[in-house]
Amino acid sequence: MSSRQRSVSRLIAQAGQMLLAHGAESTLVGDIMRRIGLAAGMNEVEVSLSASSLVVTTIDKDHCMTTARRCADRGINMRVVTQVQRICIMMERGILDYRFAQIKLDQISPERYNRWLVVLMIGLSCAAFARLAGGDWSVFMVTFIASATGMVVRQEIGHRHFNPLLNFGCTAFITTLVSAQGFIHQIGNAPELAMASSVLMLVPGFPLINSVADMLKGYINMGIARFVMASLLTLSTCLGIVAAMSVTGVWGWGS
């Protein structure tokens with residue numbers, strides 16, 4: 001077994017690890033890993049994916065090497081996914097060999113938007129939903145304050161690396177607690193819209209879309225695992241909402 005094959009196997013595994021950790025769908029992960037291996041001169045690349053790990057086997061002439069990696073969830077970040085895709089394309093075109101590709105891969109960092117910009121945009125988006133649903137400007141402001149407050153809570157809990165289920169539950173609780181004040185004090189023409197709209201930021205849309213895409217494209221186990229995780233996040237959100245309603249005594253968004 002050559003050192004080249006060992007280095008290429010590590011490169012492939014690291015690329016797949018980064019793609020899975022940052023929310024890429026399974027078909028894309030498998031295709032990129034195979035393409036990187038073939039571009040690096042391997043005769044054959046086989047990939048097996050699961051919800052929290054991956055196994056890759058490379059075949060170079062008569063030598064076979066298998067490596068496994070654990071893939072922790074690091075949050076959705078399409079910048080990382082596109083950077084890995086770009087490295088794959090550059091390798092296929094002969095611009096990079098596996099050594100320079102490894103250097104490029106090591107330089108990828110999951111940059112994120114400014115946290116206060118995210119809070120502002122989340123607040124505006126949820127408030128816009130309330131406005132489109134028929135709420136007046138008072139409902140708009142209550143929704144904005146509730147969702148922005150919830151997003152700050154979500155970021156603080158996330159930075160401390162708590163379980164995502166606990167994160168979603170606490171965020172839903174605080175957000176509903178704040179938005180329920182509009183209902184208690186009868187702020188706006190339809191205060192229940194603020195309670196419904198402010199928690200829309202917790203809908204796990206991307207995991208649900210990926211789960212369906214995985215199942216349709218043959219990755220049944222991955223699709224089921226992602227669907228179950230998205231369902232658990234939804235359940236945690238519902239528990240947080242119900243807990244806040246129990247505290248405030250405001251039951252039902254349409255009451």
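The values are calculated or read from the model by the stated rules, or taken from the named source; none is laboratory data. Values in this document were obtained by computation on a predicted structure and should not be read as measured data. As a convention, Cβ positions derive from the backbone with ideal geometry for all residues, glycine included, and neighbour counts pool all protein chains shown. Just so you know, the surface numbers come from the protein's heavy atoms only, side chains and all, with ligands and any DNA or RNA stripped out. Shrake-Rupley method; radii C 1.70, N 1.55, O 1.52, S 1.80 Å.
Only a single item in (1) in contact with a helix residue (DSSP H, G or I) (Cβ under 8 Å, 6 or more places away or on another chain); (2) open to solvent by less than 50 Å² (accessible area, probe 1.4 Å); (3) modelled with pLDDT of 90 or more is not met by Cys71, and it is number (3).
Run down Phe173, Phe183 and say which single residue is crowded, with 17+ Cβ neighbours inside 10 Å and either at pLDDT 95 or above or on the phi > 0 side of the Ramachandran plot (or both). It would help to see each step written out before you state the result.
Numbers: Phe183 fails: either at pLDDT 95 or above or on the phi > 0 side of the Ramachandran plot (or both).
Within the list Phe173, Phe183, the selection yields Phe173.
Matching residues to (1) surrounded by fewer than 21 Cβ atoms within 10 Å (Cβ to Cβ); (2) without any contact (Cβ under 8 Å) to a residue 40 or more places away in the chain:
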site: Ser7; (1), (2): yes, no
site: Arg10; (1), (2): yes, no
site: Met18; (1), (2): no, no
site: Gly23; (1), (2): yes, no
site: Ile36; (1), (2): no, no
site: Glu46; (1), (2): yes, yes
site: Leu54; (1), (2): no, no
site: Thr57; (1), (2): yes, yes
site: Lys61; (1), (2): yes, yes
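Can you find a residue in the range 198-221 that is assigned to a loop (DSSP other than H, G, I, E, B), hydroxyl-bearing (Ser, Thr, Tyr) and over 30 Å from Asp31 (Cα atoms)? Walk me through it before giving the result.
From the range 198-221, those assigned to a loop (DSSP other than H, G, I, E, B) are 198-199, 203-204, 217-219; that's our starting set.
Imposing the further condition that a residue be hydroxyl-bearing (Ser, Thr, Tyr) reduces the set to 198, 219.
Add one more test, that the residue is over 30 Å from Asp31 (Cα atoms), and what stays is 198.
The answer is yes; a qualifying residue exists.
Looking only at residues of the range 115-164 that are open to solvent by less than 50 Å² (accessible area, probe 1.4 Å) and over 13 Å from Met201 (Cα atoms), we find that the one that is nearest to the chain's Cα centre (by Cα) is Gly158.
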